[in-house]
Amino acid sequence: MKRILTLILSLLPLAHAAGGGYATPAEFGYPALSLEPAQHLIPAPEREWSIPGQPPLRATLQGIKGKWGNDAIIILRPPSGRDRSVPAYALSDEDLQTVNDWLKKNNFEEFETYREGISLVRVHSVIPVGKEYHVNLILTDGSRLSLRTNAQPANREYALKQPVSAFQVTDSTLETLRLHSTRKPENKPELPIATTVDEAVLYAATHDTGIAVFYLNRRGGAIDQTFRHYLANKPELVARWAQHFVFLMAYCDEHGMYPAECHDGAFTLSLTHGFLGSHAVNLCNTSSELTHIRLAWLNNTHSLNYVLHMHNQRSGNPYQQKFTTGTQSGVTMVDSMLKLRDDAFHLFGH
């Protein structure tokens, strides 16, 4: 009896691999997904701060709001956990030196534009897209900001005539962005892969990322093998993906149908995210669109389909506090994947 039970347990992974559903990180050689909140900034040590007219405050520096200078607001967190806001001009020279040391430790640098002036930021990623850079920044309050900039030098007169949707950066900042865009990953990058929609949503919320759902057809099929080949040969692209998305890898069963969990997951995500662009139609608008999902419309064996869900992405001018949530979908053919082009998956064109 014990031998029979052992045999059954040994066959379970094979049965899972042959069936449909969401993949596990182990299937792609990655570790289990960590759901610990992302730490975009190196924490500062706890210390005593001098505030005029008040007793010394023991607290930890959490971040800075506004442009660095006398009018900036310093966020301090005492052991009670209730943040305190203190203007920079009220701090002692020793306190200000602590803030400057923290900025240097976190690699903050000047980000200069012709229209918006200079801000302190840490460059998180730079992705060339056509004639622009899509830039992801860490601000001094720990939040992330996505924006678009010029990828070629621009003088002040030309820059001020351009639409405000894209930031026109100076030559010094442009060189900084160029260096970031060509930086190679130091270690083998790992994709964050979730096994359920709830896990993906939780990761996205705690890491300020989007959710990318890839429909890989059958396990071991042409799309699956070609996609894995693509990942193995594009470490730079994998590193970029890992910074911006958590992934759900969906497989259909031997009959070419995606299981209920994949359909329910697509429906759940379509309810929680709007759509970008007038060409896209919300999947939950009509019964015919729901039927479209239920009939496994993503089981074409000659193409890979993916759907991107942008989760509360902050974009544009940081002082306008603009947030966007939306969805985009796309299809990549096997032939184009095998060519190993950097732009085979347009995940960063939004």
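Compute the accessible area per residue over segment 126-169, keeping the other protein chains in place, probe 1.4 Å, unit Å².
Details: 2090 Å² over 44 residues.
Value for segment 126-169: 47 Å² per residue.
Per residue, how big is the convex hull of segment 177-235 when only Cα atoms are used? Give it in Å³. Could you put the intermediate results ahead of the total?
Working: hull volume 7.4 nm³, N = 59.
Spread over its residues, the Cα hull of segment 177-235 gives 125 Å³ apiece.
Rounded to whole Å, the principal axis extents of the Cα atoms in segment 76-216 read 57, 48, 30, largest first. Under 5 Å from the amide H of residue 49 lie the amide H atoms of 57, 58, 59, each residue being 5 or more positions distant or on a separate chain, with H modelled from the backbone and absent for Pro and chain starts. 3J(HN,Hα) along segment 151-168: 10, 10, x, 9, 7, 4, 4, 5, 4, 6, 8, 7, x, 6, 5, 10, 7, 9 Hz, from the Karplus curve 6.51 cos²θ - 1.76 cosθ + 1.60 with θ = phi - 60°, whole Hz, x for Gly and Pro. Its relative contact order, with pairs defined as Cα atoms under 8 Å and 6+ residues apart, puts segment 114-253 at 21 percent. Using alpha carbon centroids, what distance separates segment 165-204 and segment 208-252, in Å? Their Cα centres are 16 Å away from one another. Out of the total accessible area of segment 161-215 (probe 1.4 Å, heavy atoms of protein only), what percent is carbon and sulfur? Exposed carbon and sulfur together represent 51 percent of the surface. When the listed pairs 65/105; 131/161; 104/131; 67/104; 161/184 are checked against a 26 Å cut-off, the alpha-carbon distance exceeds it for 104/131; 161/184. Qualifying trypsin sites (Lys or Arg not before Pro) in segment 92-153, where qualification requires a DSSP coil assignment and no more than 13 other C-beta atoms within 10 Å, comprise 115, 131. Using a probe radius of 1.4 angstrom, the carbon and sulfur fraction of the accessible surface of segment 14-94 is 53%.
In a solvent-free Debye calculation with one equal scatterer on each Cα, what is log10 I(q)/I(0) for segment 35-80 at q = 0.15 Å⁻¹, listed in the order of the q values? With one equal scatterer per Cα and no solvent, log10 I(q)/I(0) is -0.49. The phi-based Karplus calculation (6.51 cos²θ - 1.76 cosθ + 1.60; θ = phi - 60°) puts the 3J(HN,Hα) values of segment 121-133 at 9, 10, 6, 8, 7, 9, 10, x, 9, x, 9, 10, 10 Hz, whole numbers, x for Gly and Pro.
The values are calculated or read from the model by the stated rules, or taken from the named source; none is laboratory data. The structure presented is a predicted model; accordingly, all values stated were derived computationally and were not measured. So basically every Cβ, Gly included, is an ideal-geometry build from the backbone, and we count neighbours across all protein chains shown. Protein only, heavy atoms only, side chains kept; ligands, DNA and RNA dropped before computing areas. Shrake-Rupley method; radii C 1.70, N 1.55, O 1.52, S 1.80 Å.
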